[in-house]
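Right, one structure below, let's go through it.
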Amino acid sequence: MPAPQSPARRTVLRGAAALAGAAGAGVTLAACSTETNSGGNTPATPTEPVDLGAAADVPVGGAKLYREKKLIVSCPAEGQYKAFSAQCTHAGCVLDKIVEGEGNCPCHGSRFDVTTGKVLRGPASEPLPAVPVRAENGNLVAG
Ligand code: FES
């Protein structure tokens, strides 16, 4: 006949079960899901020209994120502009900020070079798609 469990042993077992549950929840939260996709179902690149406002808003040698339009524009030299989709190629979240020349994805931490679209840190493995951009009368038009 098995000996009854001591209260201390039951407490340890309960604690282990709670930890296992927490670890399971952590895995669930870290898993990729379309539910974390804040990019919606719209295309990653514009299907028609998008007016981005004053070209002067993009600093020379820097970049600007147009989050609501899902675009990043960089300006490597005066008068030269490069645009990329700001929709992460991993699971489709929209990048949330530019940190030291790197576009940051808030969902799983991917980083992209905003002057080339190249992946600097995964889990994304594909670069941001380039989008044509031009300056017209001091305004940027992408797509
Ligand atoms: S959606 Fe996963 S890192 Fe961007």
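Report the net charge of residues surrounding LEU140, where surrounding means a beta-carbon distance below 13 angstrom and charges are Lys +1, Arg +1, Asp -1, Glu -1.
Within the 13 Å Cβ shell, the charges total +1.
Report the gain in length on full extension from GLU100 to VAL60: 0.36 nm times residue separation, minus Cα-Cα distance, nm rounded to one decimal.
13.0 nm
Can you pull out the GluC sites (Glu not before Pro) in the range 43-111 that DSSP calls coil and that have at most 14 other Cβ atoms within 10 Å?
Answer in residue order: GLU78, GLU100.
Values in this text are rule-based calculations from the coordinates and carry no lab data. Please read these numbers as outputs of a predicted model, since none were measured by experiment. With ideal geometry, Cβ positions are generated from the backbone for all residues, glycine too; neighbour counts draw on all protein chains shown.
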